[in-house]
Amino acid sequence: MRKILKAPLMALTIIGLSSLVAHASEDDHKHKSHQAPHGDMEEVMVHAKVNSVNIAERTLNVSHGPIKKLHWPAMTMDMKVADDIDIASLDPGQEVMMALARGEDGIFRVTKTMMH
Ligand SMILES: [Cu+2]
């Protein structure tokens with residue numbers, strides 16, 4: 001009896017595992033999901049290249065490295081900048097270390113940039 005039961009159990013296990021994997025990669029990183037657990041106001045640092053600067057919208061398009069702390073992979077995205085950042089001082093093509101922090105609205109913003 002045991003031997004007969006083993007195969008279906010194995011199959012169930014494999015199906016279970018593969019649905020977990022599929023779920024994890026789905027969750028991985030959609031741009032809109034740039035949200036840390038509630039209450040996490042800490043800054044994180046990441047290396048990034050500025051691709052373009054939108055002064056009117058106060059956003060940067062950046063290619064940033066992975067951020068382990070937030071479980072974000074490396075990616076290219078638009079990022080809002082904090083009010084106290086002099087966005088006009090940033091140029092396309094520049095490489096920077098940037099600090100990100102989540103505002104009370106739940107959105108991450110660039111809070112500091114350092115030439116890199
Ligand atoms: Cu990103």
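Coordinate-derived values only; no laboratory data. All of these numbers come straight from a predicted model, not from anything done at the bench. Using ideal geometry, Cβ is built from the backbone for each residue, glycine included, and neighbour counts are taken over all protein chains shown.
Things to note:
- Three-way shape call for the range 36-115 based on the alpha-carbon gyration tensor, with the a/c threshold at 1.5: oblate
- Between Trp72 and Ile67, the built amide H atoms are under 5 Å apart, and every one of these is 5 or more places off in sequence or on another chain.
- Each residue of the range 60-74 is assigned a 3J(HN,Hα), and the resulting list reads 10, 9, 10, 10, 10, x, x, 10, 4, 4, 9, 6, 9, x, 5 Hz, derived from the Karplus form 6.51 cos²θ - 1.76 cosθ + 1.60 (θ = phi - 60°), x at Gly and Pro.
- Selection of GluC sites (Glu not before Pro), the range 49-116, meeting DSSP coil and at most 14 other Cβ within 10 Å: Glu57, Glu104
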